[in-house]
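Each remark here refers to the structure printed beneath this line.
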Amino acid sequence: MSLCAFNSAGLTYFGPLLQALSGAGSPRLICCDRDVGQEDFPALTADYDLVIAHRLEHSPPWPDSVTVRPLVREPLDVAMSDQHRLAGEPSVSIADLTNEEWVSVQDGFPLLPALQAIAVHTGQPLKITHRINEFFIAAAVVSAGPAIALMPRHTASPPSGSGIVLKPIRDLPLARRVDVLCRPEALQRTAVQQVVGALRGMQADDAGCSGS
């Protein structure tokens, strides 16, 4: 059966999922990465059995034409170099972010409305220097200079020694929802049920380990 995911979700889930479903009787998985705009995820269910998608927490829900199984609510933090003037703070405020240089995603991609919300609260347009969709490329840019970026706290968390720190915005909580989408009839198949169960089981295991 086929499964697609946006890039950071693919990095998070594909390896563990293939390991979890490697035993006899498990479905054979075909994994693909698809980085699309938020409104384009539902259409991918025509080509894939399961689609791991993300949307901003307060954005419109997925259309009724697809079945949704929630995976995780993931906070969005501000990523910055560990040499940045705010790197030693436990969190940042909207006022702290005024006049900062930003790495943005391309137009139409799911984090853009969150960046626009920050701009509304600062009362001025953000100073966008770079437009990069892939979080790990954005992280390389952030670590090398003064620019900051929005990044998911877990699926794209920079590794130790990367030169990047993540800071929550204390007066504007931002988050995204990571969900599994499929055609309504797909969940009637045992293989699809197994994969959805394994994905949701990974999230339950993570929550148990973190105590949250």
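Starting with the fewest neighbours, write out Ser143, Ser8 ranked by other beta-carbon atoms found within 10 Å of each beta-carbon.
Least crowded to most crowded, the residues run Ser143, Ser8.
Relative contact order for the chain: what percent, with Cα pairs under 8 Å and sequence separation of 6 or more? Could you put the intermediate results ahead of the total?
Values: 369 pairs, mean separation 68.9, N = 212.
Worked out over the chain, it gives 33 percent.
How long is segment 74-175 along each principal axis, judged by its Cα atoms, biggest number first, in Å?
34, 28, 25
How long are the semi-axes of the ellipsoid equivalent to segment 1-99, from square roots of 5 times the Cα gyration tensor eigenvalues, in whole Å, largest first?
Listed largest to smallest, the semi-axes of segment 1-99 are 33, 19, 11 Å.
Under the definition of Cα pairs under 8 Å and six or more residues apart, what whole-number percent is the relative contact order of segment 74-175?
Contact order relative to length: 50 percent.
I'd like to know how segment 115-212 sits against the 2.2 N^0.38 Å rule of thumb: what's its Cα Rg over that expected value? Walk me through the numbers on the way to the answer.
Working: Rg = 17.9 Å, N = 98, 2.2 N^0.38 = 12.6 Å.
Dividing the Cα Rg of segment 115-212 by 2.2 N^0.38 Å gives 1.43.
Grab the Cα-Cα distance for Arg73 and Val120, subtract it from 0.36 nm times how many residues apart they are, and report the gain in nm with one decimal. Can you show the working numbers first?
Details: separation 47, 0.36 × 47 = 16.92 nm, distance 2.33 nm.
Difference between extended and current length: 14.6 nm.
Amide H of Ile52 versus every other amide H placed in the peptide plane: which residues, excluding those fewer than 5 positions away on the same chain, fall under 5 Å?
Cys4, Ala5, Phe6, Leu181
Report the per residue volume, in Å³, of the convex hull enclosing the C-alpha atoms of the chain.
Once divided by residue count, the hull of the chain is 123 Å³.
Would you kindly derive the ³J(HN,Hα) couplings of segment 161-166 from the backbone phi angles with the Karplus curve 6.51 cos²θ - 1.76 cosθ + 1.60 (θ = phi - 60°), listing them in order in whole Hz, with x for Gly and Pro?
Rounded to whole hertz, the list is x, 6, x, 10, 10, 10.
How big is the shadow of the Cα convex hull of segment 1-48, averaged over all directions, in nm²?
3.4
Might you report the magnitude of the Cβ-based charge dipole of the chain about its Cα centre, with Lys and Arg at +1 and Asp and Glu at -1, to the nearest 20 debye? The partial results should precede the final answer.
Values: 16 positive and 22 negative charges, 58 e Å.
For the chain, the charge dipole is close to 280 debye.
Set the Förster distance to 22 Å, then compute FRET efficiency between Glu134 and Ser2 from the Cβ-Cβ distance, nearest 0.05. Please report the intermediate quantities before stating the final value.
Working: r = 22 Å, r/R0 = 1.01.
So, using R0 = 22 Å, E works out to roughly 0.50.
Over the alpha carbons of segment 60-101, what is the largest minus smallest coordinate on each principal axis, giving the biggest first in Å?
47, 20, 15 Å, listed from the longest principal axis down.
As a test of the formula, what do you get for the chain when each DSSP H run with n ≥ 4 contributes -39,500 (n - 2.57) and the sum is divided by the residue count, at 222 nm and rounded to the nearest 500 deg cm²/dmol? Don't skip to the answer; put the middle values down first.
Values: 5 runs with 60 residues, N = 212.
After summing the helix terms and dividing by the residues of the chain, the value is -9000 deg cm²/dmol.
Ser91 label point, 7 Å along Cα→Cβ, cut-off 18 Å on backbone N: hits in segment 134-176?
Answer for this model: 150-154, 165-176.
Values quoted throughout were computed directly from the atomic coordinates according to the rules given, and no laboratory measurement underlies them. Predicted model, so just to flag it, every value in this text is computed and none were measured. Because the Cβ atoms are built from the backbone with ideal geometry, glycine has one as well, and the counts that use them run over all protein chains shown.
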